[in-house]
Structures are given as structure tokens and as C-alpha cells.
Amino acid sequence: MKKIGVLTSGGDSPGMNAAIRAVVRCGIETGMEVYGIYRGYEGLLDGEIRLLDRNSVGDILHRGGTILKTARSERFKTEEGQQHAVSMLETFGIEGLVIIGGDGSLRGGCELDRRGIRVMGLPGTIDNDLGYTDFTIGFDTAVSTVLDAVTKIRDTSSSHERTTVIEVMGRHCGDIALYAGLAGGAEGILIPEIDTDINELCKKIVIGANRGKQHSIIIKAEGVGISSQELAETIQYRTGRETRLVVLSYLQRGGSPTLGDRMLATLTGAKAVELLQEDSRSKAIGISCGEIVAYDLAEAVEQKREIDTDMYRLIGILSK
Ligand code: ADP
Ligand code: F6P
């Protein structure tokens with residue numbers, strides 16, 4: 001395989017640049033031409049495709065975001081769009097594609113695979129919502145950002161003896177809330193996978209306060225049904241304790257990637273090129289028990305992510 005393309009798609013995540021860098025430099029090392037496809041599938045449809053060299057990816061390893069830009073594309077979801085995407089790749093002579101994105105982006109990759117394009121999917125999303133990999137690129141950085149915020153919020157929350165609800169990202173997956181809740185010592189977390197009894201949560205806050213707890217931190221994933229404002233108001237009303245809301249929003253998606261994300265991005269990027277070089281079938285690349293793994297792309301995207309219930313229970317025990 002001589003010509004390959006690389007694109008980023010869906011919500012950006014810290015570490016995407018490190019992955020692009022690895023794909024470009026490993027690709028060039030093995031004698032390939034590597035094309036950058038800008039603005040995800042939208043840019044692919046519009047032919048926003050440029051040859052990259054070693055210098056194009058210089059000084060980006062440590063930067064959040066994606067130099068290739070990212071987008072969501074309704075056009076690409078259609079049969080016509082996907083056929084057009086394939087003909088665009090054919091025009092440039094691109095036979096293999098590295099797609100860095102979340103669940104939706106990798107599903108888009110499956111459509112291209114069905115039409116004869118060799119696709120290597122890299123898990124690029126802060127949500128950690130892909131079932132086939134233990135971690136996704138960007139998750140570690142996002143949780144670190146949330147932890148930093150929790151630490152700061154604790155100070156003021158404790159001074160004012162308040163409860164603070166912190167809303168974090170995660171539409172269908174509660175992993176950001178789960179990990180930040182355990183590592184940040186939250187009194188409770190609300191995640192889409194498990195129903196929370198808000199009455200019980202309020203009782204716990206009151207019991208803790210009566211025992212001398214100065215403040216309570218509740219971390220709520222955005223995908224949970226009740227609005228965060230309503231949750232904060234309900235907690236204030238039922239506990240009689242002042243309650244504030246902090247929505248971390250896009251703060252979580254920016255910033256320099258952590259060691260973990262740089263390693264994951266770099267190793268999966270290098271693996272993608274190795275597999276394309278070997279003319280492997282389309283794969284989803286990730287990490288399992290500390291090892292870089294590659295699974296059949298279509299099977300991998302169908303793997304459902306399970307929440308770690310032991311971690312969830314532990315939060316309850318530690319924060320009593
Ligand atoms: P993420 O990749 O972060 O999960 P999205 O779910 O928004 O983000 O998906 C990114 C893009 O991937 C979408 O805008 C669309 O172009 C494409 N995509 C998503 N789901 C599919 C699908 N089932 N089939 C084809 N393309 C898809
Ligand atoms: O998929 C990543 C993610 O950051 C989600 O956690 C969040 O719900 C969504 O993207 C936000 O998307 P947008 O950038 O379109 O607002």
C-alpha cells in the first residue's frame with residue numbers, strides 16, 4: 001500500500017495530534033505517501049485532502065485539539081455520501097484510511113470498509129464509550145482536567161459548607177464521572193448506566209453533614225435524564241444545604257494530553273500503519289490489559305461497553 005489518508009472525526013480529544021504525528025511519520029518511514037484529510041468526513045466529501053510531510057506534524061505532540069480539524073457530517077451518513085467519499089479517495093489513489101474518532105466515526109469507517117477501503121480505526125474520544133478498548137485517546141486527559149476542577153471546587157465548597165454538583169461530559173457513558181468520582185472522592189455520582197435514587201443521595205448528604213462533613217461533591221454525567229440545574233435545586237430543597245452547580249463542558253476536551261494519552265495515541269497510530277503495510281483487513285485498534293490490540297472493525301464497534309460496577313460500589317463505600 002503506497003498511499004494512505006488520515007482523518008479526525010466527531011468530538012475532538014487530547015492526543016489526536018499525537019496519533020496523527022505517529023501515523024504520518026511511521027507511514028513516511030515505511031515508504032508511504034500520507035494524506036491529511038481535513039474536517040473529517042465533511043472534508044473528505046469536499047476533497048480537502050493534502051499530502052503531509054514530516055514537518056507538517058512537527059511541534060504538535062503536546063497540543064490538544066486536532067490540526068486536521070474535525071466535524072460531524074450528515075451528508076456522509078447517506079448512501080450517496082458514502083459512495084462519493086469512496087470516489088474521492090479513488091481520485092487521490094488512497095487505498096487505506098486511518099480514522100481517529102469515537103463510536104460514530106468508526107461506524108462510518110465500517111461503511112467505507114464495506115465499499116473496499118481498508119480502514120484502521122483509532123479510538124479518539126474523551127467519553128471512553130467504546131466497548132472493544134479499555135481506554136480511548138483523550139479520556140485520561142479529560143478525567144485529569146475534571147480532577148483538577150474537583151480539587152479547586154472542594155476548597156470553596158468546604159469554606160462555604162456547600163454541596164456542589166459538577167456536570168461532566170458523557171452522553172451514554174458514565175466513565176468520566178465514574179473515574180473522577182472515585183479518584184476525586186465524590187459523595188455520589190450520577191451516570192446514564194445506573195439509576196440513582198435522589199432521595200437516598202440527599203439522605204447521605206445530610207448524614208455526612210451531621211457527622212461533620214464540611215461539603216459534598218456530586219458528579220453528574222450530562223447524559224443522565226434529570227437536568228443538572230434541577231438536580232442542584234432538588235438537593236438544596238431536600239437537604240436544606242446550599243447547593244451550587246458547575247458545568248465543566250468543553251474545558252474537558254482541551255489541554256495538553258497526559259502521558260497516558262500520548263502513549264496510547266502514539267502506539268495505536270504506529271500499529272495502524274504497521275497493519276496497513278501488511279495489507280491487513282480493516283481493524284479497530286485499542287488497548288486491553290496494557291497491550292495494544294487490533295480487532296475486526298465491524299465486530300469491535302458492536303461490542304457494548306459495560307460500566308465497572310465494582311468501581312461504582314467503591315465510590316459508595318469510600319464516601320460514606
Ligand atoms: P463520535 O465519532 O465522536 O462518536 P459522532 O457520533 O458525531 O461522533 O460521529 C461522527 C460522524 O461519523 C458523524 O457526523 C457521521 O458523519 C459519521 N457517522 C456516525 N454514525 C455513523 C453511521 N452509523 N454510519 C455512517 N457514518 C456515521
Ligand atoms: O463525544 C464527545 C463529546 O464531547 C460528548 O461528551 C459530548 O456530549 C459531545 O461530544 C458534545 O459535542 P459538541 O461538540 O457537538 O457539542
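Some observations on this one:
- For the range 160-168, backbone phi angles converted through the Karplus equation (6.51, -1.76, 1.60; θ = phi - 60°) give residue-by-residue couplings of 9, 6, 10, 9, 10, 8, 10, 8, 10 Hz, Gly and Pro being listed as x.
- Angle in degrees between helix 103-114 and the longest Cα principal axis of the chain, rounded to the nearest 10: 20
- 5 angstrom amide H check on ARG244, placed H, neighbours 5+ away: THR163, THR164, VAL165
- Charge-dipole axis of the range 11-78 as Lys and Arg at +1 and Asp and Glu at -1 on Cβ define it, positive-most pick from PRO14, VAL57, TYR35: PRO14
- The chain: angle of helix 198-210 to the longest principal axis, Cα-based, in degrees nearest 10: 60
- Heavy-atom accessible surface of the range 19-113: percent carbon and sulfur, 1.4 Å: 45
- Most fluctuating residue given options LYS220, LYS77, LYS152, as computed from a GNM of the chain linking Cα atoms under 10 Å: LYS152
- Cα lying deepest toward the dipole's positive end in the range 170-320, options THR234, SER280, GLN252, charges on Cβ: THR234
- Taken about its Cα centre, the range 22-109 carries a charge dipole of roughly 340 debye when the Cβ of each Lys and Arg holds +1 and the Cβ of each Asp and Glu holds -1.
- Unit charges on C-beta of K, R, D, E only; dipole of the range 55-148, Debye: 260
- Placing +1 on the Cβ of every Lys and Arg and -1 on the Cβ of every Asp and Glu, with no other charges, gives the chain a dipole of roughly 760 debye about its Cα centre.
- Computed from Cα atoms, the angle from the helix 16-29 axis to the main principal axis of the chain rounds to 20 degrees.
- The range 263-320 and the range 91-117: distance between their alpha carbon centers, rounded to Å: 18
The values are calculated or read from the model by the stated rules, or taken from the named source; none is laboratory data. Bear in mind that the values here come from a model prediction, so they are computed numbers and not experimental data. Every residue, glycine as well, gets a Cβ built from its backbone with ideal geometry; the counts of neighbours run over all protein chains shown. Only protein heavy atoms, including side chains, enter the accessible area calculation; ligands, DNA and RNA are left aside. Shrake-Rupley method; radii C 1.70, N 1.55, O 1.52, S 1.80 Å.
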